[in-house]
Amino acid sequence: MFEVILYYQFHPIESPEEFCKAHKRKCKELGLKGRIYISSEGLNGTASGTSEQIEAYKNFVWSHQGFENTEFKQESYHEVPFAKLICKVRQEIVALHVDGVDPKYGGNHLQPHEWRAVMESGEDYVMIDVRNNYESKIGHFEGAITPDLKNFYDFPEWLSQVDIPKDKKVLMYCTGGIRCEKFSVLMKDQGWEDVNQLHGGILNYAYKEGGEHFKGKCFVFDDRLIVPVNPKDLSPIAHCEITGVPADTYVNCANMECNKLFVCSEEGALQMEGCCSEECKQSEYRRPFDPEHAFQPFRKWYNYFDDDFKQRNKSFIEKAIAEEPNGCLS
Ligand SMILES: [Zn+2]
């Protein structure tokens with residue numbers, strides 16, 4: 001078995017480039033895989049390895065001043081759900097594209113049991129799912145508002161148009177908690193007073209409260225794509241876009257020109273050879289369909305095409321590289 005961790009810590013990093021270099025060196029030395037972002041505001045990552053590797057990595061993170069209290073959401077999985085290690089400097093560790101948002105001034109953190117108690121109290125509140133549409137589509141808390149947005153940085157615009165009374169109690173959640181750290185600041189800045197965020201996000205809630213009141217599954221940004229939240233209720237809440245049957249497995253359209261992420265059952269994937277439409281199925285940019293790995297994200301384009309294809313399609317490939325999905329973490 002392997003361990004998969006998801007974590008973040010907001011703490012100023014003076015020289016992100018240097019911090020990143022040392023961090024990457026250590027991760028390589030340990031043999032970790034995953035995606036880690038570093039910026040002047042802190043550290044955000046998801047990584048995987050054996051339990052020894054993960055323990056060593058956690059100790060490494062905790063050894064940095066300011067990172068001693070970093071919390072790790074942790075789960076076991078039968079394989080390492082990442083192809084490689086990416087460790088790089090970014091402008092923000094979670095991209096909201098709003099200047100001066102300091103998580104120090106965020107909302108009130110609710111522990112999973114407190115969150116559940118509010119949900120069961122009959123109290124009046126509004127709950128916001130601070131994740132993207134493709135995440136909330138396959139799973140969300142009962143009664144949550146699930147904005148139809150593709151990116152976290154679309155939320156400020158959404159907030160400026162939404163009609164939520166300023167005196168209303170606000171609950172918000174995301175996968176691991178990091179997006180709420182910023183979005184709660186924005187809501188408070190804009191006049192909402194009673195702003196609450198689920199500490200550790202859905203994953204922590206699943207672990208501590210068994211996922212009660214959560215419908216469907218949780219989208220994650222690694223090869224697993226979805227993880228169960230409530231073991232007592234595993235039924236899908238979405239439908240296969242090809243066959244219409246209940247489903248919550250995701251496929252990236254095999255046509256490299258399309259790449260659409262869509263809900264697809266096993267039958268649907270087989271029928272369309274991993275494509276979202278007949279048109280995509282005919283594309284010369286279609287990656288070969290592998291039923292064994294139908295529900296895993298694709299690797300870099302060059303894994304699927306021969307040299308002849310590369311020669312013939314230089315300009316397309318340059319474009320494809322520039323546009324290749326560059327995942328967020330949580
Ligand atoms: Zn397509």
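Every number in this text was worked out from the coordinates using simple rules, so none of it is lab data. Just so it is clear, the model here is predicted, and its values are computed rather than measured. All Cβ positions, even for glycine, are placed from backbone atoms using ideal geometry, and neighbour counts span all protein chains on display.
If I filter region 19-65 down to residues being hydrophobic (A, V, I, L, M, F, W, C) and part of a strand (DSSP E or B), which single residue comes out as farthest from residue 4 (Cα to Cα)?
Within region 19-65, the subset hydrophobic (A, V, I, L, M, F, W, C) is 19-20, 22, 27, 30, 32, 36, 38, 43, 47, 54, 56, 60-62.
Filter once more, keeping what is part of a strand (DSSP E or B): 36, 38, 43, 47.
Numbers: 36: 13, 38: 19, 43: 17, 47: 6 Å.
Ranking the qualifying residues of region 19-65, first place goes to 38.
With the requirement that a residue be part of a loop (DSSP other than H, G, I, E, B) and more than 14 Å from the ligand (Cβ to nearest atom), what does region 288-314 give you?
Passing the criteria: 288, 290, 294, 295, 296, 297, 299, 300, 304, 305, 306, 313.
Being polar (S, T, N, Q) and under 23 Å from residue 190 (Cα atoms) is the filter here, so list the residues in region 104-155 that pass it.
Listed by number, the residues that qualify are 108, 132, 146, 151.
Residues that are within 29 Å of residue 111 (Cβ to Cβ), part of a loop (DSSP other than H, G, I, E, B) and away from the ligand (no atom under 11 Å from the Cβ): does region 242-257 have at least one?
Checked region 242-257: at least one residue is within 29 Å of residue 111 (Cβ to Cβ), part of a loop (DSSP other than H, G, I, E, B) and away from the ligand (no atom under 11 Å from the Cβ).
Which numbered condition in (1) under 21 Å from the mean Cα position of the chain (by Cα); (2) within 12 Å of the ligand (Cβ to nearest atom) is the only one that residue 285 fails?
(1)
Which numbered condition in (1) part of a loop (DSSP other than H, G, I, E, B); (2) within 14 Å of the ligand (Cβ to nearest atom) is the only one that residue 279 fails?
(1)
Only one residue in 142, 157 is under 25 Å from residue 239 (Cα atoms) and loosely packed, with under 15 Cβ neighbours inside 10 Å. Which one?
Details: 157 fails: under 25 Å from residue 239 (Cα atoms).
When all the criteria are applied, what remains is 142.
Of all the residues that make up region 209-241, how many are of a type outside the set (Lys, Arg), assigned to a loop (DSSP other than H, G, I, E, B) and away from the ligand (no atom under 16 Å from the Cβ)?
19
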